[in-house]
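> There's a structure below that I have some questions on.
A short reminder: the numbers here are calculations on the coordinates, not readings from a lab. Everything numeric here is computed off the predicted structure, so don't read it as measured data. Quick reminder, even Gly has a Cβ in these numbers, built from the backbone with ideal geometry, and neighbours come from all protein chains shown.
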């Protein structure tokens, strides 16, 4: 079943440079962004908060479905994939508007049980000009759904970067993105309720690091798309890899965690 344009949401925010500097520090960069500077690609993730009252949150910490996101009948949410197109850079310290709409809702039967996919489109304008178009694909699974079979990551890369995460870094990224999902900061919930082996590294954080490397290697890049493959635990070592216009994060056991490409 697919529905078109089922919901629309508009949020206005000022691209606070102090928040951008906090993101730089969280990602291991020198915090030096000032008002008027172009924001790095994907930095808009820390803006356009949609704060909800505690009574409007689900058990997992996300806003409950049934308002902007329709009620999918399943409670386990994951950010499955995304694509971002930069028409022009967003500028720090200047008001911007993000208009979001649910483009499609699809239910299907997967290898791990019933799945529901929600595709959301975001258009961000600044000074009346379109700056960013982003698509997010969210997947909802039953709480008892088994984990998907792990994929093996590519073994040949021309660029690599060792990754190691801490609970503090995950907490800071959750705070910056106003992401209440408890799997990133509540170890008991992550293990006992959602069945993980510990705190889970954010999928968007891994995408952020891929985009950071892609921007360094391809400074004129304006389009990037990515897809999650396997959750990465905070206790695991990982490697960020690049080969031409392909990027991926692999865990120490060789499994693919996420992949992306310049498109």
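> By counting other Cβ atoms within 10 Å of each Cβ, how are 168, 155 ranked from fewest to most?
Listed from fewest to most nearby Cβ atoms, that is 155, 168.
> Using C-alpha positions alone, give me the convex hull volume of the stretch 108-224 per residue in cubic angstrom.
In the stretch 108-224, the Cα convex hull volume per residue is 162 Å³.
> Order by neighbour count: 10, 100, fewest other Cβ atoms within 10 Å first, most last.
Values: 10 11, 100 20.
Taking fewest neighbouring Cβ atoms as first place, the list is 10, 100.
> Who wins for biggest fluctuation among 28, 58, 228 in a Gaussian network model of the chain, springs between alpha carbons below 10 Å?
Looking only at 28, 58, 228, the biggest GNM fluctuation is shown by 28.
> May I pose another question? Specify which labelled value, from (1) 35, 19, 17; (2) 26, 24, 18; (3) 30, 25, 17, agrees with semi-axes √(5λ) of the Cα gyration tensor in Å derived from the coordinates of the model shown.
Label (2) holds the value from this structure.
> Still on this model: Given a 10 angstrom Cα cut-off, can you work out which residue in 126, 88, 109 is the most mobile in a GNM of the chain?
The residue that fluctuates most here is 109.
> For 94, 262, what ranking results if the residue with the fewest other Cβ atoms within 10 Å of its Cβ goes first?
Fewest-to-most ranking of 94, 262: 94, 262.
> Taking the alpha-carbon set of the stretch 81-138, what are its Rg and Dmax in Å?
For the stretch 81-138, the Cα-based Rg and Dmax read 14.9, 46 Å.
> From the helices alone, meaning DSSP H stretches of at least four residues, give me the mean residue ellipticity at 222 nm for the chain, per-run term -39500 (n - 2.57), in deg cm²/dmol to the nearest 500.
Computed mean residue ellipticity for the chain: -5000 deg cm²/dmol.
> Here is a further query. Could I have the simple spin-label model distance between residue 245 and residue 161, label points 7 Å from Cα toward Cβ, reported in nm to one decimal?
Here the answer is 2.0 nm between the modelled labels.
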